Amino acid sequence: MAGLISEARHYLRPVRRAVRNAWARERGPIATEWQLLRASRRPTTFREALAYKMARDRRLLLVMYADKLAARSFVAERVGAHWLTTLYGHGRRADDVPWDSVPREFVAKVNHGSGGVIVVSERAPIEKRLPAPSRPVRWSRHFVHPDSVDPVHLRSLLDRWRAMPFAQEFGDEFEWAYGLIVPRVFAEQLLTGANGLPQQVRFWCVKGAIVSAAVESVSPRNFGPARRMRLLASELDVGRRELGIAPDLWRDLVDASVTLASDADFVRVDWLVDDGRPYFSELTNYPMAGRIGFGDGVTATPEEFSRIHLAAWLPRPNYRRLDRLTRDMARRVLDAEPV
């Protein structure tokens, strides 16, 4: 009898493990939400204020910001399509993109996550390859040469990303807005820089005003910042000179960023800069999935950056009232054809 019980336990063990893992996956967002609510009741740092937003802000506006294709439509409507890169095609599946009309150099990506990007450039090392189809897929970025890309493999990787949810990655907080995006694949114009990738400028906007900015050069090896300069709002002209943008165009860029952020209590407006010409990149609700930490700036310390951003954000907004003001606009943009 004891032997039968032992054998039954042996066969039931994987079933119990599967049930336990499924329950952990289902209650993961709920547990994270509860943890965020408790930790962010009275925020005393900018990171805690961002946790407050992640736990409570359920406006459709955030979904529009997070959707990379919808954000393009929003930019075209608010500040003009001249800020956008050329969109070569999009669709619910990779095969819906008209690849025959896509040039030799391009960027392919999905619209519903951070990562899921393939940069196809003549400046990439020819020995670089996309991950093998047999390997588990992760949210990643790749810098590859056109002659090193198998088109079938590229489309397969894009479709695998499209099928992956992004609202909560392992170890991260629950990023609600990503869970409501309809996943799509698209290809757009490639921008370049000295190392093959464009420079970036990111405006940190609180209640429709720029509080700080970060100017970055991106490493093609890991897509991390090769060089970063953090600036207070009063130091923005330092960033302009670093990027080589003409004064009149810089003023237009700052005005466009403020206009795009005018409905948000917090949003980061990201731009790519190619040979002194800025192009819209994306709108970011939750930098670093809420784990943001400021580095040293030109004159400010990380603690000063946190204090200045928090002071600009408080008092905390009434998200339900704000949702009524932007819901119809966000729904219309999300339903619009991408530009």
Which members of the stretch 186-197 meet the condition of being modelled with pLDDT under 95 and either closer than 18 Å to R240 by Cβ or not hydrophobic (A, V, I, L, M, F, W, C) (or both)? T192, G193, A194, N195, G196
Members of the stretch 257-293 found to be closer than 23 Å to P317 by Cα and hydrophobic (A, V, I, L, M, F, W, C), listed by number: V258, L260, A261, A264, F266, V267, V269, L283, M288, A289, I292
Does at least one position in the stretch 115-123 carry a residue that is open to solvent by 20 Å² or more (accessible area, probe 1.4 Å), in contact (Cβ under 8 Å) with a residue 12 or more places away in the chain and over 28 Å from A256 (Cβ atoms)? yes
Candidate set from the stretch 80-98 (those that are part of a helix (DSSP H, G or I) and farther than 29 Å from G276 by Cα); member that is most open to solvent (accessible area, probe 1.4 Å): D95
Quick check on R316: is it more than 19 Å from R202 (Cβ to Cβ) and either out of contact with any helix residue (DSSP H, G or I) (no Cβ under 8 Å at 6 or more places or on another chain) or not in a loop (DSSP other than H, G, I, E, B) (or both)? no
Filtered residues of the stretch 133-168 (kept if small (G, A, S), open to solvent by less than 40 Å² (accessible area, probe 1.4 Å) and either out of contact with any Gly (no Cβ under 9 Å at 6 or more places or on another chain) or under 17 Å from G224 (Cβ atoms) (or both)): S140, S148
Go through the stretch 253-299 and give me each residue that's aromatic (F, W, Y) and either free of Cβ contacts under 8 Å to residues at least 24 places away in the same chain or part of a strand (DSSP E or B) (or both). F266, W271, Y279, F280
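Of the residues T299, T284, T326, which single one is within 17 Å of L236 (Cβ to Cβ) and surrounded by fewer than 20 Cβ atoms within 10 Å (Cβ to Cβ)? Outline the logic, then answer.
Working: T284 fails: within 17 Å of L236 (Cβ to Cβ); T326 fails: within 17 Å of L236 (Cβ to Cβ).
After ruling out the rest, the residue left standing is T299.
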Just give me the residues in the stretch 99-109 being surrounded by 14 or more Cβ atoms within 10 Å (Cβ to Cβ) and either farther than 15 Å from S281 by Cβ or small (G, A, S) (or both), in sequence order. W99, V102, E105, F106, A108
When you scan the stretch 124-154, how many residues do you find that are touching a Ser or Thr at 6+ places or on another chain (Cβ under 7 Å) and of a type in the set (K, R)? 2
Considering (1) in a loop (DSSP other than H, G, I, E, B); (2) within 22 Å of the chain's Cα centre (by Cα), say which one G179 fails and leave the rest. (1)
In the stretch 213-258, what residues are among the aromatic types (F, W, Y), modelled with pLDDT of 95 or more and open to solvent by 30 Å² or more (accessible area, probe 1.4 Å)? none
Lone unmet requirement of (1) farther than 23 Å from A70 by Cβ; (2) in contact with a Ser or Thr (Cβ under 9 Å, 6 or more places away or on another chain); (3) not β-branched (V, I, T) for R316: (2)
Does the stretch 188-224 hold any residues that are β-branched (V, I, T) and assigned to a loop (DSSP other than H, G, I, E, B), and which are they? T192
Result of the Cβ filter at 6 Å on the stretch 139-154, keeping first residues that are in contact (Cβ under 8 Å) with a residue 60 or more places away in the chain and partners that are of a type in the set (A, V, I, L, M, F, W, C), at least 6 apart or interchain, is R141/V117; R141/F223; F143/V119; F143/A124
R202: basic (K, R) and more than 18 Å from L283 (Cα to Cα), yes or no? no
Residues located in the stretch 233-268, provided they are touching a Lys or Arg at 6+ places or on another chain (Cβ under 7 Å), within 22 Å of A70 (Cα to Cα) and hydrophobic (A, V, I, L, M, F, W, C): L260, F266
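The values are calculated or read from the model by the stated rules, or taken from the named source; none is laboratory data. Here the structure is a predicted model, which means the values were calculated and not measured. Cβ sites come from the backbone with ideal geometry, for glycine too, and all protein chains shown count toward neighbours. What goes into the accessible areas is simple: the full protein's heavy atoms, side chains included, and nothing from ligands, DNA or RNA. Shrake-Rupley method; radii C 1.70, N 1.55, O 1.52, S 1.80 Å.
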